[in-house]
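Here's the structure, in structure tokens; my notes come after.
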């Protein structure tokens, strides 16, 4: 999984001209799931994903995200996490398979590394559920697989990329 975490003062998702989700200050997370993620979890049952134990990479990634100290403290240093900003901070998670695009050959990106949609959706849902549980509040989401218009006002700007493949 690859996550792009942006500290935002606002973010929203619009689908077919209608506002679908919106947050004020917090995180906009773009989440890409690759085939290697799906291959790591052959036991994943797509029909009962909500009742299954949380996948280890999801536990690691959600813990990393909620503990990232990228909000300013009283001295102006990035020393506070989103947990410290609750209840005033929100999170919007948008699935984005293009995070695993390969541009190695030619000029047209290849998305062969992206997970199949049904598997990616199950992992995405589990990620959002785990993040909500850690934060103790509902996480706003985009609509998996939909053509979305994502708007954000980056704060800082602060953008962090985390990949579970190499744990950085």
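The values are calculated or read from the model by the stated rules, or taken from the named source; none is laboratory data. From a predicted model like this one, the values you see are computed outputs, not experimental measurements. Cβ: placed from backbone, ideal geometry, glycine included. Neighbour counts: every protein chain shown.
What the table below lists for this structure:
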| item | result |
| --- | --- |
| Selection count, region 126-143, where residues are touching a strand residue (DSSP E or B) at 6+ places or on another chain (Cβ under 9 Å) and either part of a helix (DSSP H, G or I) or surrounded by 17 or more Cβ atoms within 10 Å (Cβ to Cβ) (or both) | 9 |
| Filter result (surrounded by fewer than 15 Cβ atoms within 10 Å (Cβ to Cβ) and either in a helix (DSSP H, G or I) or modelled with pLDDT of 95 or more (or both)) within region 41-58 | 50, 51, 56 |
| Residue selected from region 21-40 under the condition surrounded by fewer than 18 Cβ atoms within 10 Å (Cβ to Cβ) and touching a strand residue (DSSP E or B) at 6+ places or on another chain (Cβ under 9 Å), by the criterion modelled with the lowest pLDDT | 35 |
| Answer residue from region 79-99, given it is in a loop (DSSP other than H, G, I, E, B) and touching a residue at least 60 places away in the same chain (Cβ under 8 Å) and is surrounded by the fewest Cβ atoms within 10 Å (Cβ to Cβ) among those | 88 |
| Some residue of region 101-120 being in contact with a helix residue (DSSP H, G or I) (Cβ under 8 Å, 6 or more places away or on another chain), closer than 20 Å to residue 24 by Cα and in a helix (DSSP H, G or I) | no |
| Restricting region 144-168 to residues that are more than 21 Å from residue 89 (Cα to Cα) and touching a strand residue (DSSP E or B) at 6+ places or on another chain (Cβ under 6 Å), the residue that is surrounded by the most Cβ atoms within 10 Å (Cβ to Cβ) | 148 |
| Filter result (touching a strand residue (DSSP E or B) at 6+ places or on another chain (Cβ under 6 Å), exposed (fewer than 15 other Cβ atoms within 10 Å of the Cβ) and either part of a strand (DSSP E or B) or free of Cβ contacts under 8 Å to residues at least 12 places away in the same chain (or both)) within region 59-77 | 73 |
| Residue in region 100-125 that is modelled with the highest pLDDT, counting only those that are buried (at least 20 other Cβ atoms within 10 Å of the Cβ) and in contact with a strand residue (DSSP E or B) (Cβ under 8 Å, 6 or more places away or on another chain) | 124 |
| Of residues in region 1-40 being under 14 Å from the mean Cα position of the chain (by Cα) and in a loop (DSSP other than H, G, I, E, B), the one nearest to residue 72 (Cα to Cα) | 1 |
| Pair list, Cβ < 7 Å and 6+ apart or interchain, from region 113-126 residues that are more than 13 Å from residue 96 (Cα to Cα) to residues that are at pLDDT 85 or above and assigned to a helix (DSSP H, G or I) | 126/58 |
